[in-house]
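Peer 1: Submitted below is the structure of interest, expressed as structure tokens.
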């Protein structure tokens, strides 16, 4: 089922989401929500989507990033995720978001992270990712803490309409490392380096 996406300004996007509980697993809520999140993400050609973006204040996100080992992520629900940076090295990534439609901005992120989470059956799991996939995971987990990518932009001059980015900045100056994490595919705002994130 395709769900309605909350846009910047809705209070649900600024709340710290509640943990998913054993009861949420037992009732079937987790499995149904994961299906709906993937359906909604696919409808908008995204690579990630967090439950607060569809008006559900729970610590649950889904991601799917094309790429090989360490660079990509197969379709993966992440329940109660915890992100740990694995390096002090930062990358700057062009990000967009379904909840901030039509805009894109350059966001600094740790270049590699480990994320620990429960899988769809409630079993502990983890994944180590870098580049574009690491940015996608961090972007989605930020949503669970009420943080939007626009909060992390250092240079406000890089916040712009996606159409203007494509017209005036794509392939110039600082390379885009991808596009927006949950709101667009990497191909939409493609770059040469692919060192970073979706939207």
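Here, each number is a calculation from the coordinates, and none is a lab measurement. On a predicted model such as this, the values are computed, not experimentally measured, just so you know. Cβ: placed from backbone, ideal geometry, glycine included. Neighbour counts: every protein chain shown.
Peer 1: Is it true that residue 13 is part of a strand (DSSP E or B) and in contact (Cβ under 8 Å) with a residue 40 or more places away in the chain? It would help to see each step written out before you state the result.
Peer 2: Working: part of a strand (DSSP E or B): no; in contact (Cβ under 8 Å) with a residue 40 or more places away in the chain: yes.
It is false that residue 13 is part of a strand (DSSP E or B) and in contact (Cβ under 8 Å) with a residue 40 or more places away in the chain.
Peer 1: Filter region 16-29 for residues that are surrounded by 13 or more Cβ atoms within 10 Å (Cβ to Cβ) and not in a loop (DSSP other than H, G, I, E, B) and give the result.
Peer 2: Across region 16-29, the qualifying residues are 18, 24, 25, 29.
Condition check ((1) surrounded by 17 or more Cβ atoms within 10 Å (Cβ to Cβ); (2) out of contact with any strand residue (DSSP E or B) (no Cβ under 8 Å at 6 or more places or on another chain); (3) part of a helix (DSSP H, G or I)) across all residues:
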| position | (1), (2), (3) |
| --- | --- |
| 94 | yes, no, no |
| 103 | yes, no, no |
| 107 | yes, no, no |
| 114 | no, no, no |
| 117 | yes, no, no |
| 121 | no, yes, no |
| 135 | yes, no, yes |
| 139 | yes, no, yes |
| 164 | no, yes, yes |
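Peer 1: Okay, next question. Quick check on my filter: what residues within region 30-82 are without any contact (Cβ under 8 Å) to a residue 40 or more places away in the chain, closer than 20 Å to residue 102 by Cβ and not in a helix (DSSP H, G or I)?
Peer 2: Correct list: empty.
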